1. Set the bar at 31 Å for Cα to Cα. Now go through LYS48/LYS141; LYS48/LYS119; LYS48/LYS113; LYS48/LYS137 and name every pair that lies beyond it.
2. Taking a ≥ b ≥ c as the square roots of the eigenvalues of the Cα gyration tensor of region 18-60, is the shape rounded (a/c under 1.5), prolate (a/b larger than b/c) or oblate?
3. Search the structure for amide H atoms under 5 Å from the amide H of VAL27, placed 1.01 Å from N in the peptide plane, and list their residues when 5 or more places away or on another chain.
4. Label points 7 Å out from Cα along the Cβ direction at MET40 and ALA59: separation in nm?
Amino acid sequence: MLPVSVEHVAVVQVPMEYTFIPTGVKVAILSEHDNGEYKMCRSITTGKVFYAHSTQIKAEEAAVEEPPKKTRQRRGRQVAKPDVNVQQAFARVNINAATPEMLTQTLKGIGMKTAQEIKDLQRSMPGERFSKLDQLKSISKVDWDAVLDDSVYVE
């Protein structure tokens, strides 16, 4: 018998993104049931878990992530280069579930102090939740008509 040479082949898995077709929401597949006919999904934006039929889920190849950005030295300390489009990372934000950091990055013109005031106001609400966006208008130093758009919602 002759020796057989076997070359090792690297298998690269392409990351997949999934979309729940009826609403267009990006989801993560948690598990499959009934031989893959039903999938347990979690919404990327709201975190809600639900079941969907396999025909309601569309798989797409995920965009390949770029390697981490290089840091540069400035006066002996590490300074990371800021993301160019932070707005895209948090396309839509649930005001009840968002952290103050997410609010500052998503809402144009909102700083850390105002974001903390929003969260303090939320804690004073019944059930510690906003029921509608108009409740934010009690914080007076912000032009809410300009700030509130489709990127902010209450759930």
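Bear in mind that the values in this text are calculations on the coordinates, not laboratory data. If you're wondering where the values come from, they're calculated on a predicted model, not measured in any experiment. Quick reminder, even Gly has a Cβ in these numbers, built from the backbone with ideal geometry, and neighbours come from all protein chains shown.
1. LYS48/LYS141
2. Taking the square roots of the gyration eigenvalues as a ≥ b ≥ c, region 18-60 is oblate.
3. Here TYR18, THR19, PHE20, ILE44 satisfy the definition.
4. Label-label distance for MET40 and ALA59, simple model: 1.9 nm.
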